[in-house]
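A short worksheet on the structure shown next.
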Amino acid sequence: MKNNILKFKTNINCMGCVAKVTPELNQLTEIENWEVDIQNKEKILTVTASSEKEVEIVQAVEKAGFRIEKINS
């Protein structure tokens, strides 16, 4: 099965913020890996998933209190 790599701009800007979003993203099924580049000015969230999970990812990040916007690639 082909993995989808999704990228999002966020305002997750520190390790404390990453800790807040971790439980929300970790509970999503079919997500294999995710990471936030807090050094990047756009605070890029990269998600590897075995299926298209864009809506669920956006909802999880917003539930944790952060902004998120899909980057078209």
*Could you tally up the Lys pairs in the range 4-70 with alpha carbons closer than 13 Å? Skip any pair fewer than 8 positions apart unless they're on separate chains.*
9
*asked:* At 20 °C and a viscosity of 1.002 mPa s, what translational diffusion coefficient does Stokes-Einstein give for the chain, taking Rh as the Kirkwood radius over Cα pairs? Give it in µm²/s as a whole number.
replied: 178
*Show that you can apply the helix-only estimate: for the chain, add -39,500 (n - 2.57) for every DSSP H stretch of four or more residues, divide by all residues, and state [θ] at 222 nm to the nearest 500.*
-9000 deg cm²/dmol
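Among 66, 8, which comes first, then next, by fewest other beta-carbon atoms within 10 Å?
Neighbour counts put them in this order, fewest first: 66, 8.
Compute the relative contact order of the chain as a whole-number percentage, counting only Cα pairs closer than 8 Å that sit 6 or more residues apart in sequence.
47
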_Between 0 and 90°, nearest 10: helix 15-26 axis offset from the chain longest Cα axis_ = 20
*On a 0 to 90 degree scale, rounded to 10, what angle separates helix 54-63 from the longest Cα axis of the chain?*
30
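Where a number appears in this text, it was derived from the coordinates with a stated rule and is not lab data. Not measured: the values here are computed from a predicted model. For neighbour counting, all protein chains shown are included, and Cβ atoms are generated from backbone atoms with ideal geometry for every residue, glycine included.
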